[in-house]
Amino acid sequence: MMVRPVTLTLTACLALSACGRLIPHTGPPAGYRPYSPAPGAAGPSVYVAPGAGVIDQGIDGGTLSRVQRGAGSLSQCEAELASARVTFSPTPDRVNSETCGLTDAGVLGADMGTVARMAPGDVTMTCALALAVSVWRRQSVEPAARELLGSDIVAIEHMGVYACRAVRNDAGDSRRVSAHSRAAALDFSAVRLRDGRRITVRDDWNAGGAEGAFLRRIRDDACKVFGTTLSPDYNAVHADHLHLEAERGRLCR
């Protein structure tokens with residue numbers, strides 16, 4: 001009666017050995033340390049209910065504080081974006097130089113709650129900047145275009161975000177490091193409308209009419225969303241764009 005179990009065991013062993021060489025159990029090599037994330041790196045799990053986040057609230061005197069709280073940690077910031085169906089893909093932190101690198105950054109993709117798309121798209125920026133841009137896009141740029149220009153926006157054009165450089169002024173480059181070196185600032189330049197029109201900071205800021213009113217409206221709203229907002233009213237360097245910076249500090253011109 002014991003023959004069948006022995007036969008089955010031998011058969012199973014032979015079948016396993018036919019699949020490959022059995023690897024004997026060995027201990028870890030000297031100096032081996034298993035990987036574990038840095039303490040607190042991932043942060044606590046955060047959930048923001050759809051429709052209850054910062055991006056879905058109108059712009060008022062408390063918007064900047066809400067945006068800064070929403071970007072207080074990477075996990076909170078990602079939860080705010082996810083709640084509003086804004087695509088954001090985190091990227092590893094990196095250091096390019098003593099004054100240039102990425103921390104808590106990612107690629108801002110499509111906002112599935114809007115029609116307008118960034119041009120160029122898939123922009124690398126800090127999560128804090130992605131959150132501020134998303135609030136500004138939904139609560140200012142798009143509704144202002146419908147109200148003042150009578151058309152939806154299909155593209156929000158910009159000159160870039162991440163660049164390892166100094167702050168530029170009318171005299172040239174200064175010694176201060178730009179927020180662009182941390183991917184914390186976006187240079188907005190124009191919008192394209194569904195009806196085919198293109199409204200640019202360079203050509204329409206001083207043009208008057210609905211186009212000029214639109215650009216000044218979204219600049220004024222940006223001052224309530226971003227820590228620093230610089231327009232053509234600031235200096236000649238900004239004659240063709242709005243500099244929108246999502247860091248601490250207050251400057252609106």
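ARG248 to SER45: FRET efficiency via 1/(1 + (r/R0)^6), r the Cβ-Cβ distance, R0 25 Å, to the nearest 0.05? My answer for the efficiency is 0.45. Expressed in Å, the radius of gyration and Dmax of the Cα atoms of region 61-111 are 12.7, 37. Does anything in region 99-137 have its amide N under 18 Å from the 7 Å Cα→Cβ label point of ASP240, and if so which residues? 119-120, by backbone N distance to the label point.
Segment ASN206..GLU98, full-extension length gain: 34.9 nm, with 0.36 nm per residue of separation and the alpha-carbon distance subtracted.
Loop-resident GluC sites (Glu not before Pro) (DSSP state other than H, G, I, E or B) in region 53-101 with no more than 16 further Cβ atoms inside 10 Å of their Cβ: GLU98. Estimated translational diffusion coefficient (Stokes-Einstein, Kirkwood radius over Cα pairs, 10 °C, 1.306 mPa s) of region 204-253: 145 µm² per second. Over all pairs of different C-alpha atoms, region 154-253 has a mean inverse distance whose reciprocal, the Kirkwood radius, equals 13.9 Å. Shape analysis of region 63-179 yields a ratio of the Cα radius of gyration to the Kirkwood radius, Rg/Rh, of 1.00.
Projecting the Cα positions of ALA207, PRO232, GLY196 onto the charge dipole of region 140-253 (unit charges on Cβ atoms of Lys, Arg, Asp and Glu, taken about the Cα centre) puts PRO232 furthest along the positive direction.
Stretching the chain fully between VAL107 and ARG194 yields a gain of 28.8 nm (0.36 nm per residue, less the alpha carbon separation). Gain on full extension, evaluated as 0.36 nm per residue between VAL154 and SER73 minus their Cα-Cα distance, stands at 26.1 nm.
For region 145-253, the share of accessible area belonging to carbon and sulfur comes to 45 percent (1.4 Å probe, ligands and nucleic acids excluded).
Taken one residue at a time, the phi angles of region 98-113 give Karplus couplings (6.51, -1.76, 1.60, θ = phi - 60°) of 4, 10, 9, x, 10, 9, 6, 10, x, 9, 7, x, 6, 8, 6, x Hz. Gly and Pro are set to x.
Applying the Karplus relation 6.51 cos²θ - 1.76 cosθ + 1.60 with θ = phi - 60° to region 64-76 yields 3J(HN,Hα) values of 4, 5, 5, 5, 5, 5, x, 9, x, 9, 5, 5, 5 Hz, where x marks Gly and Pro.
Each part gets one Cα centre, and for region 87-149 versus region 217-253 those centres are 16 Å apart.
The values are calculated or read from the model by the stated rules, or taken from the named source; none is laboratory data. Just so we're clear, the structure is a prediction, and the values are computed from it rather than from any experiment. Here Cβ is always computed from backbone atoms with ideal geometry, including for glycine, and neighbour counts include all displayed protein chains. Accessible surface areas use protein heavy atoms only, side chains included; no ligands, DNA or RNA. Shrake-Rupley method; radii C 1.70, N 1.55, O 1.52, S 1.80 Å.
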